[in-house]
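What follows is calculated from the coordinates using simple rules that are stated; it is not laboratory data. Computed from a prediction, not measured in an experiment: that's the story for all the values here. Heads up, the Cβs are rebuilt from the backbone with ideal geometry, glycines too, and the neighbour counts pull from every protein chain shown.
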Amino acid sequence: MFAIYGIQGHVASAALEQVQALARTQATRAVLPDEGMQGQGSEPQAQSPQYGSHGAALALQAYAQQLPGWSRVEHLMQPCATVLEVQSDLASAWRLLAQHDCEAAPVLRQDRFVGLLQRKRCWPEQAPDVSAEAWAAHWAQPVRACMTSPLPVAHPETPLADAAALMQALRLPLLAVCDGSGVLLGELSVAALLGALTQPHRLSAWG
């Protein structure tokens, strides 16, 4: 069972099969402006995102039955390289992602997970045609204008097989790991999953 978090907090809980079905039909919708948060100007509604790289998704699928003897997310989760605040401006978020060489980072609101910002989604879709004024306005937007939310999260005891299947279905470069109240504990990345495969002495069937 996966908990799903967004700007408004806990949205729902769903089994892996339900989340995969959602991914097949419409993926996960991008966040919409929150009337409960204060901001200036109108924010564009982001389009439905494309998750991660196709190659990473295929790699996860190919190794779906060959992960190491560690059986739960807590065995491979890592501290987050960086985290972003939901009201931070996009320019600051981009600099943090570049500084830490991160493809994506969890977005927090009052220490609780609300979404994921991918570096590739920081750029306007029609960048060559954007004027200087539009560029300035774009980078001044809050992170929530471009992040993906709501999203499922894993718990430390979540089976690795389920977490990997979810990441493959949604094409996520990383999966946030939270406690029962949505407080961020760490992350599970595609790199960590594939890196575990380089240790054959730990390989075994799924737990």
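List E74, E17 from most exposed to least, where exposure is judged by having the fewest other Cβ atoms within 10 Å.
Values: E74 17, E17 10.
Lowest to highest Cβ neighbour count: E17, E74.
In nanometres, what is the gap between the two model label sites at A91 and D111, each 7 Å from Cα along Cα-to-Cβ?
Label at A91, label at D111, 3.1 nm between them.
Using 0.36 nm times the number of residues separating M1 and A132, minus their current alpha carbon distance, what extension gain do you get?
On the way: separation 131, 0.36 × 131 = 47.16 nm, distance 4.60 nm.
Between M1 and A132, full extension yields 42.6 nm more.
Say each of T82 and S181 gets a label point 7 Å from the Cα, pointing the same way as Cα to Cβ; how far apart are those two points in nm?
Spacing of the two 7 Å Cα→Cβ label points: 2.8 nm.
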